[in-house]
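One structure below.
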Amino acid sequence: MRGSPGAVRLAAGFAGFAGIAGIVVVGFVGGSVPAAAIDHGRMGEIFPIIETDMLTVIATRLHTLEATGSIAQLQARMQDTAIASVRRPALVAGLSPAQERREWLFDPSFVLQQDVIGPNGKRIAARGTRVNPLDLVPLPTDLVFVDGRRTAELDWATRHWKPNEAKVIFVAGSPFDAMKPFQRRFWFDQRGALVARFGIRHTPAVVTSADRHLQVAEVPVPDRPIVRKTGS
């Protein structure tokens, strides 16, 4: 054997440690290192990897839900949730009843981000042009924003504007529930897109046409119900 006695002992020590783990180490430190592979055979049971098809799992669960009637119950709950969200949309957050009158002018103009091309291929307006929609289409009716949960605001809006004079737009409450007692159509500002656009923070608020601008006003209304006179 070649190599120092200390090196031989070190190699033997590694070989003994490796042998505990089922690995045979052959070689000497400091000299050539011949190697050999020994087949110890199969140790323990070997099982094939089986992965259940995901579509099969889903189909099985659906069949189970259908058999127990769970699918019908789930569909009914989804339908009820959808109807409830339509009948009573989520209120527009951040609004409160007006405490004092506030008015301002709103310019609806915007700048074109790209050319507007007509059906004949000709350019109607160039990118960068400032366009005011009121020059093309006037505001057909006033817009009245109300909190539908406050009877005072609803009474005030319906007394001052006939159905053909204004669109009464809810920011809270159910416009559907109010249609029958007030005998008129109401709208809802979904996700508060309009009040955010106009900068409205309090209700009721009114948007009217003012030449090439829009006049916006927040009007305080006492929070007390108004008694309607009934016909004899």
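Below, the figures for the structure above:
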read-out	value
Normalised convex hull volume, segment 83-232, alpha-carbon set, Å³ per residue	158 Å³
Label-point separation in nm, Val111 to Phe182, each point 7 Å along Cα→Cβ	3.9 nm
Computed lengthening from Ile124 to Leu65, 0.36 nm per intervening residue step minus Cα-Cα distance	15.5 nm
His202 - accessible surface, heavy atoms, 1.4 Å probe, Å² rounded to 10	50 Å²
Phi-based couplings in Hz for segment 102-117 (Karplus 6.51, -1.76, 1.60; Gly and Pro marked x)	9, 10, 6, 9, 10, 9, x, 5, 8, 9, 5, 8, 7, 5, 9, 10
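The values are calculated or read from the model by the stated rules, or taken from the named source; none is laboratory data. These numbers were taken from a predicted model, which means no experiment stands behind them. Note: ideal-geometry Cβ built from the backbone for every residue, glycine included; neighbour counts use all protein chains shown. Note: areas computed on protein heavy atoms with side chains; ligands, DNA, RNA excluded. Shrake-Rupley method; radii C 1.70, N 1.55, O 1.52, S 1.80 Å.
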